[in-house]
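S.K.: Sharing a structure, written as structure tokens. Questions coming.
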Amino acid sequence: MVKFLKPNKAVILLQGRFAGHKAVIVKNFDDGTRDRPYGHCLVAGIAKYPSKVIRKDSAKKQAKKSRVKAFIKLVNYNHIMPTRYTLDVDLKDVVTVDSLAAADKKKTTSKEIKSKFEERIKTG
């Protein structure tokens, strides 16, 4: 069978708190691990999307509306729907499985992801 769930592939989450949200596969575990004996992947996604910006908004308001909120999560393959798109942002060096272990690591990692996503949104 062809493996099409590869890193940088854009997916949509189908289950859980972030159902319906877009995410990107950072690392995949096709054979599973000892903790999770099923195929799953590490995803980084957008928890809160940027709002619509209009012309009359001030620069401060535009900056506030352009913010995003990010998340990282381990997700079962059954709970994601792949899209045909890929993302050109490299998150492999930022996100690791170890960053999910402690709450403070997870917070700092999601802030780094947030900055990468916002940078990508500004470039278009």
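S.K.: Treat each spin label as a single point 7 Å out from the Cα along the C-beta direction, and report the Ile121 to Tyr38 distance in nm.
M.R.: So the two model labels end up 3.2 nm from each other.
S.K.: Please give me, ordered by residue number, the trypsin sites (Lys or Arg not before Pro) of the stretch 24-83 that lie in loop per DSSP and have at most 16 other Cβ atoms within 10 Å.
M.R.: Passing sites in the stretch 24-83 are Arg34, Lys52, Arg55, Lys56, Arg67.
S.K.: With unit charges on the beta carbons (Lys and Arg positive, Asp and Glu negative) and the dipole taken about the Cα centre of the chain, which residue among Ala59, Asn76, Phe18 sits farthest to the positive side?
M.R.: The listed residue farthest towards the positive side: Ala59.
S.K.: Let me ask another. Run the helix sum for the chain: -39,500 (n - 2.57) per DSSP H stretch of 4+ residues, divided by residue count, reported at 222 nm to the nearest 500 deg cm²/dmol.
M.R.: Calculated at 222 nm, the ellipticity per residue is -7500 deg cm²/dmol.
S.K.: Going out from 0 in 10 Å bins, what whole percent of all Cα-Cα distances in the stretch 30-124 drops into each bin?
M.R.: Binned Cα distances yield the sequence 13, 39, 32, 12, 3, 0.
Computed from the coordinates by the stated procedures, all read-outs in this text should not be read as laboratory data. Predicted model, so just to flag it, every value in this text is computed and none were measured. All Cβ positions, even for glycine, are placed from backbone atoms using ideal geometry, and neighbour counts span all protein chains on display.
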